[in-house]
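Trainee: Input: one structure, supplied below.
The values are calculated or read from the model by the stated rules, or taken from the named source; none is laboratory data. Predicted model only: the values in this text are computed from it and were never measured. Here the Cβ positions follow ideal geometry from the backbone for every residue, glycine too, while neighbour counts run over all protein chains shown.
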Amino acid sequence: MLQDTLKLVQFAYFPSLVFQFDVPDAPSLNDQLLDAIQRVREQDQQGVSKSNYRDLGGWHSKENLHKRAEFESIVRHVEAAGEQISSELAYHRDYAIRIGTMWSIVNGPGAVNLSHVHPGCLWSGVYYVRAPAGCGKISFTDPRTANVMHKAVFDPQRKAPKKCWTKVSFTPTAGRMLIFPSWLYHSVAPNLADAREGGGERVIISFNLSQQRMRSAR
């Protein structure tokens, strides 16, 4: 057959990277964070409205948690992850990944987060403090609109390769951190967790990251 005589050379450009980190000693860290988040929530029960729906039971703190002493431990882990990303992607050594904003979201049963992006930063991320079963996966959507509008038809007997996916979802896991491009659309499915398990609440810390110049170039 003619195609057997053709040599296939494949290139893959313009990826949408998602980094995953599992934080050591997460159970003790999460206990401390849950206490800290509860105190913040008691001080500001109204919170703010972003991608969350207050009417569905979602609470969103203000975005200055990284400036509070009780969140210092998670800040260190986030910025350590940023250092690994900087090294992996060959970023300029005179610039460090630092947190610009950090906040908490608590989704009770039925709460969701609508699809959105995070302008004004380089990377965004989420750390799962509490993630009961069924509490709502985070989904990322292919940012290439044309690719989503006109999808290819795949062999039903085979799984489409990851490079052809137009949507991918991650199951929340307590102690796990995901970091992704700030321009990558993402959403959170409804929280269907059993309300008898810790109130069924999905509790996270979210953050935005940017490069900050640390010293003068040589």
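Trainee: Quick check, is SER86 over 23 Å from PRO143 (Cα atoms), at pLDDT 95 or above and in contact with a strand residue (DSSP E or B) (Cβ under 6 Å, 6 or more places away or on another chain)? Step through it out loud before you land on a result.
Mentor: Values: over 23 Å from PRO143 (Cα atoms): no; at pLDDT 95 or above: yes; in contact with a strand residue (DSSP E or B) (Cβ under 6 Å, 6 or more places away or on another chain): yes.
So SER86 fails the test.
Trainee: Identify the single condition in (1) modelled with pLDDT of 95 or more; (2) within 13 Å of the chain's Cα centre (by Cα) that HIS116 does not satisfy, given that it satisfies every other one.
Mentor: Here HIS116 clears every test but (1).
Trainee: Shifting gears a bit: Looking only at region 1-28, which residues are touching a residue at least 60 places away in the same chain (Cβ under 8 Å), more than 17 Å from ILE179 (Cβ to Cβ) and in a helix (DSSP H, G or I)?
Mentor: Of everything in region 1-28, just one residue is touching a residue at least 60 places away in the same chain (Cβ under 8 Å), more than 17 Å from ILE179 (Cβ to Cβ) and in a helix (DSSP H, G or I), namely PRO27.
Trainee: Also: Quick one: how many residues across region 90-109 are of a type in the set (A, V, I, L, M) and without any contact (Cβ under 8 Å) to a residue 12 or more places away in the chain?
Mentor: Quick first cut of region 90-109, residues of a type in the set (A, V, I, L, M) only: 90, 96-97, 99, 102, 105-106.
Checking the rest, the ones that are also without any contact (Cβ under 8 Å) to a residue 12 or more places away in the chain come to 90.
Number of matching residues: 1.
Trainee: Condition first: farther than 19 Å from GLY200 by Cβ, assigned to a helix (DSSP H, G or I) and not β-branched (Val, Ile, Thr). Now tell me which residues in region 36-50 satisfy that.
Mentor: Residues of region 36-50 farther than 19 Å from GLY200 by Cβ: 36, 39-40, 42-44, 46, 48-50.
Subsequent filtering for residues that are assigned to a helix (DSSP H, G or I) retains 36, 39-40, 42-43.
Answer for region 36-50, where residues must be farther than 19 Å from GLY200 by Cβ, assigned to a helix (DSSP H, G or I) and not β-branched (Val, Ile, Thr): ALA36, ARG39, GLU42, GLN43.
Trainee: Could you check region 180-189 and list, in sequence order, the residues that are more than 16 Å from PHE170 (Cβ to Cβ) and touching a Leu at 6+ places or on another chain (Cβ under 8 Å)?
Mentor: Quick first cut of region 180-189, residues more than 16 Å from PHE170 (Cβ to Cβ) only: 182-183.
Selection gives SER182 alone.
Trainee: Identify all residues within region 141-193 that are closer than 27 Å to GLN84 by Cβ and in contact with a Lys or Arg (Cβ under 9 Å, 6 or more places away or on another chain); write none if there are none.
Mentor: Listed by number, the residues that qualify are THR141, ASP142, VAL168, SER169, PHE170, THR171, PRO172, ALA174, VAL188.
Trainee: Give the residues of region 1-48 that are among the aromatic types (Phe, Trp, Tyr) and under 13 Å from TYR127 (Cβ atoms), sorted by residue number.
Mentor: Within region 1-48, the subset among the aromatic types (Phe, Trp, Tyr) is 11, 13-14, 19, 21.
Matches in region 1-48: PHE19, PHE21.
Trainee: Right, something else. Looking at region 15-68 only, could you name the residues that are surrounded by fewer than 19 Cβ atoms within 10 Å (Cβ to Cβ) and at positive phi?
Mentor: Within region 15-68, ASP25, GLY57 qualify.
Trainee: Turning to a different aspect of this structure: Could you look through region 141-164, keep only residues that are closer than 22 Å to LEU114 by Cβ and of a type in the set (S, T, N, Q), and pick out the one that is surrounded by the most Cβ atoms within 10 Å (Cβ to Cβ)?
Mentor: To start, the set of residues in region 141-164 that are closer than 22 Å to LEU114 by Cβ comprises 141-145, 147-149.
Applying the additional criterion that residues be of a type in the set (S, T, N, Q) yields 141, 145, 147.
Details: THR141: 17, THR145: 9, ASN147: 13.
Top of the filtered list is THR141.
Trainee: Taking the criterion of being among the small types (Gly, Ala, Ser), closer than 23 Å to SER210 by Cα and surrounded by 15 or more Cβ atoms within 10 Å (Cβ to Cβ), would at least one residue in region 178-193 satisfy it?
Mentor: yes
Trainee: Considering only residues that are over 16 Å from the mean Cα position of the chain (by Cα) and of a type outside the set (S, T, N, Q), look in region 69-79 and name the one that is surrounded by the fewest Cβ atoms within 10 Å (Cβ to Cβ). If you could, list the steps in order and put the result at the bottom.
Mentor: So in region 69-79, the residues over 16 Å from the mean Cα position of the chain (by Cα) come out as 69-73, 76.
Imposing the further condition that a residue be of a type outside the set (S, T, N, Q) reduces the set to 69-72, 76.
Working: ALA69: 8, GLU70: 14, PHE71: 23, GLU72: 11, ARG76: 10.
Ranking the qualifying residues of region 69-79, first place goes to ALA69.
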